[in-house]
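All remarks here apply to the structure that follows.
The values are calculated or read from the model by the stated rules, or taken from the named source; none is laboratory data. Remember, it's a predicted structure, so these values are computed and weren't measured experimentally. Note that we place each Cβ from the backbone using ideal geometry, even for glycine, and neighbour counts take in every protein chain shown.
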Amino acid sequence: MQKRKSRIQAFLSHPLSQIILFVLILAVIQLLSAAGLISNSLVFAIGNTLIYAVIAIGFCLLLGYSGLASLGTAGFIGLGAYSAFYVMQEFGMPYIVALLATLVVSIVIGVVVGFISLRIEGIYLAILTLGLAEILRNLLMAMKSTVQIEIEKIRLFGLLMDTRGGYFLILVTFAVLFWLTANLIDSPTGRAMLAMKNSTSAAQAMGISLMKYRLLAFVISTVFAAVGGLLYMMYVRTMTTATSTLLTLTTSLNILGAVIIGGAKSLWGTTFGVFIIYGIQSMFLSRIPFFIENPAFMTMVTGVLIILVVMFFPGGFAQIAVQLRQRLKQIAAKKGKEGGSDGG
């Protein structure tokens, strides 16, 4: 019995097992929705939140493990969204071609920003990326202010992709990128990024190339944001830049807030932070009249959470979870000792 319990614990503690279990639960929710047991709006909100989770994972690697600040996330999302529109809607290309085009464009932009980060650091780098995001947003608006992909234009392996298919595509993308990022963090590359964050001088003294790892961090973050924009167009299929906040500073700040609240050094914490900022609002609060009439209230709550986390729990909810787990283990060990002494 004890051996079986330890095997289960080992299985659940493995990152790949956790990802598979998480994705399976969300897949079952979609199946329950197809059976009419769960509302379609709830499932749609989950899928939309997962898109932001994909974006936040890349930002977590950039901020939490590389120590690089950026406020250009919204602009990079716009790259993916507009690339998807032009490739699929205007040129009639399938999803794979749109993905390749998005990757190429985002890698080029990520390399440019990475080179800039070699000369500018801290708040100045954040301001510069914010300026770049505004340039991209206005450039994209000038090209086309409203983008919409018709359902007939969305094909994957020759099959039409409806909202349900888009949901499963988001699940697969999230699982793959989460797993790749987790492996990268545990690799020598991840340790080099963390050393660079802790001290650039010490990292250089150990032979770590700042140019190489800063470029890599920005490229990965930009690619994840652009893929998020691509998934958004695959799932939502329409965006009006004049009214949508997707490409504005609000999105960049919300992603930053999600990483801080969840934990800048925890991928699961970051995912949890995204569900707090985006999921609670879209899945539950959007049905309550008070929050419908006062949409800014959730923004206030987010601000308060960020202040509390920064002041008392710099590691975010991930730190709280670790401390709670340690506390429970101590209580269990104490009870075990008391039970053993009583038995003796």
If you scan the stretch 27-46, which residues turn out to be under 16 Å from residue 171 (Cα atoms) and surrounded by fewer than 12 Cβ atoms within 10 Å (Cβ to Cβ)?
-> 28
If we keep just the residues of the stretch 113-154 that are surrounded by fewer than 18 Cβ atoms within 10 Å (Cβ to Cβ) and among the charged types (D, E, K, R), which is modelled with the lowest pLDDT?
-> 152
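Would you check if there is a residue in the stretch 65-78 being out of contact with any strand residue (DSSP E or B) (no Cβ under 8 Å at 6 or more places or on another chain) and on the phi > 0 side of the Ramachandran plot?
Yes: one or more hits.
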Kindly check whether there is at least one residue in the stretch 190-210 that is in a loop (DSSP other than H, G, I, E, B) and touching a residue at least 12 places away in the same chain (Cβ under 8 Å).
-> yes
Report yes if residue 245 is touching a residue at least 60 places away in the same chain (Cβ under 8 Å) and of a type in the set (Ser, Thr, Tyr), otherwise no.
-> no
Selection within the stretch 228-261 - part of a helix (DSSP H, G or I), among the hydroxyl-bearing types (Ser, Thr, Tyr) and closer than 25 Å to residue 99 by Cβ | 232, 235, 251, 252
